[in-house]
Structures are given as structure tokens and as C-alpha cells.
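Read the figures in this text as sums done on the coordinates, not as results from a lab. Just so it is clear, the model here is predicted, and its values are computed rather than measured. Every residue, glycine as well, gets a Cβ built from its backbone with ideal geometry; the counts of neighbours run over all protein chains shown.
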Amino acid sequence: MSARPPTVGDFLLKLRGFIGQQDFNSARLVANDCVAQYPEAPQCYLFLSVIEARFRNLQASADHYEAFIRLTPEGDPHRSRIMELLYSSDFDPNPFDVVLLLAQMTEEPSATASPASAASGRSDGDWSKLFHKQAAEASRRKRKAEALGPARMCVLLDPQNAECHLLLDDSYDRLYKRKQSREHYLRFLTLAPENHPARARVSDMTE
């Protein structure tokens, strides 16, 4: 008789154990296996994003945070809690805080979550404005790596916002990610009004 394949809950239990032991190398292996076996499970991406952030793999971390947000519907209280945690921790939350949230996600289905347990109830538009402000501040202070996470979240939550694309293309440019930078510069030019003060500078950079 073949062994029962591990469930998402099994993976999360293992991950919680490795994080409790500060064994982030093993945790990363398990999180990758979780994503490979359950590509539609947002919890797997969330754990992997946090672990990649611990290794300072900020672009990989942002990829997985985005996957978590895409797979979790707007209004889900767990999604709101995670965005609160990302915002308050500059996209580098303590893994133990995430473990606690994931335990709630596993034990408390979103449909039955109590109103008192929900986060601020902000809309995606509200969050986009907050992440825009956070990315702009990091960019102003020349903290190029720290600007990437909130800039990407700004674009994800409000893809028609030219200012979000401007922040993201500048972040990629400072990280020498020329292909990604050009993609968002061009998107900015498509969305921005003709009299936008940054249009001439961006046009020169894309020629």
C-alpha cells in the first residue's frame, strides 16, 4: 500500500518545525516542495517568500508574495493581515509572526473568520496608496532593494497607476535589471498623461 501524499497542512507543520529550529535551509527545501506539489495553495508561497527574504533574495521573495496575493481574494482577512505584516516590517517579517498567521489560516477558514480577527479592512486601492508611499520613501532615501517589494505590490494592486510603474521601473533600474526596468518604463509612458513631469526623462531612457 502506497504512502499517503503529504497535504498542505503536513508541509506547514514541517515548516513550522524547521523555523522553530532556525533551520532555514531545510525550511526553504520544504517550502519549494510545497509549491511544486500544491501550486494553487497560497500558504506555500507565503512561507517561501518569507524564507527567501531571510536569505536576502528579495526579488524571489517578492515573486512569491505576489503569488500569495494573486491566489487569495480581496477582502480575505488573512490576506489583509499579511499585507499589514508586510507593510509594517518593510517586507521582511519575522518568520515566527508568519508561522502564527499560517496556523490561523490552516485552522480558521476565511469564510468563518470572526470580524474581530480581521485586519483593517482596507481595499486593494487603499493598500496600493500605502505601498506607493512606502516605495517612494525608500526610493528617496536611495534604499533601492527596500523599494522593490512595495513598488511591485503597488503595481499588482493597481496595475493602471502610472506612478506605481514609475517607482518600479526606477527600482529595477537601480538594481541593474534592465529588461524589467524597460518594461515598466514603457508601461508608464502608456499610462501617464502627456504633461507628466517625468515623461521626458523616461522617454530618453527608453530610446
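What shape does the range 8-111 have by the C-alpha gyration tensor, where a ≥ b ≥ c are the square roots of the eigenvalues, rounded means a/c under 1.5, and otherwise prolate means a/b greater than b/c and oblate the rest? Rounded is the answer for the range 8-111, as its axis ratio a/c remains below 1.5.
For the range 1-84, the set of trypsin sites (Lys or Arg not before Pro) satisfying both a DSSP loop assignment and a count of at most 10 other C-beta atoms within 10 Å is given as ARG56. Working from Cα pairs under 8 Å separated by at least six residues, relative contact order for the range 8-111 is 24 percent.
For the options LEU156, LEU29, LEU168, a Gaussian network treatment of the chain with springs between C-alpha atoms closer than 10 Å singles out LEU29 as fluctuating the most. Please give the residues of the range 1-43, grouped as numeric ranges, whose backbone N is less than 20 Å from a label point set 7 Å along the Cα-to-Cβ vector of LEU100. Of the residues in the range 1-43, 12-23, 43 have backbone N under 20 Å from the label point off LEU100. The C-alpha atoms of the chain define a longest principal axis, and helix 124-140 lies at about 60 degrees to it.
For a 24 Å ceiling on Cα separation, which of these pairs sit above it: LYS14/LYS177; LYS144/LYS179; LYS14/LYS144? From the list (LYS14/LYS177; LYS144/LYS179; LYS14/LYS144), the Cα-Cα distance tops 24 Å for LYS14/LYS177; LYS14/LYS144. Across the range 142-160, the residues whose backbone nitrogen lies under 16 Å from the label position 7 Å along the beta-carbon direction of LYS133 are 150-151, 154.
Could you please state, rounded to a whole Å, how far the C-alpha centre of the range 1-59 is from the C-alpha centre of the range 143-193? Comparing the Cα centres of the range 1-59 and the range 143-193, I get a distance of 29 Å.
What is the log10 of I(q)/I(0) for the range 131-206, computed with the Debye formula using one identical point scatterer on each Cα and no solvent, at q = 0.15, 0.26 Å⁻¹? Here log10 of I(q) over I(0) equals -0.42, -1.25. Among the chymotrypsin sites (Phe, Trp or Tyr not before Pro) found in the range 29-82, those both in a DSSP coil and sparsely packed, with 16 or fewer other Cβ atoms within 10 Å of their Cβ, are PHE55. The calculated FRET efficiency for the pair ASN25 and ASP90, based on their C-beta separation and a Förster distance of 41 Å, comes to about 0.95. Assuming charge only on the beta carbon of Lys and Arg (+1) and of Asp and Glu (-1), the dipole of the chain about its Cα centre is about 600 debye to the nearest 20. Farthest towards the positive end of the charge dipole of the chain, among the residues ASN94, SER128, PHE11, is the Cα of ASN94, using unit charges on the Cβ of Lys, Arg, Asp and Glu.
Of the GluC sites (Glu not before Pro) in the range 1-73, the ones in a loop by DSSP (not H, G, I, E or B) with at most 12 other beta carbons within 10 Å are GLU40. Annotation: extensible slack from MET205 through ASP33 equals 57.9 nm (criterion: 0.36 nm per residue apart, minus Cα-Cα distance).
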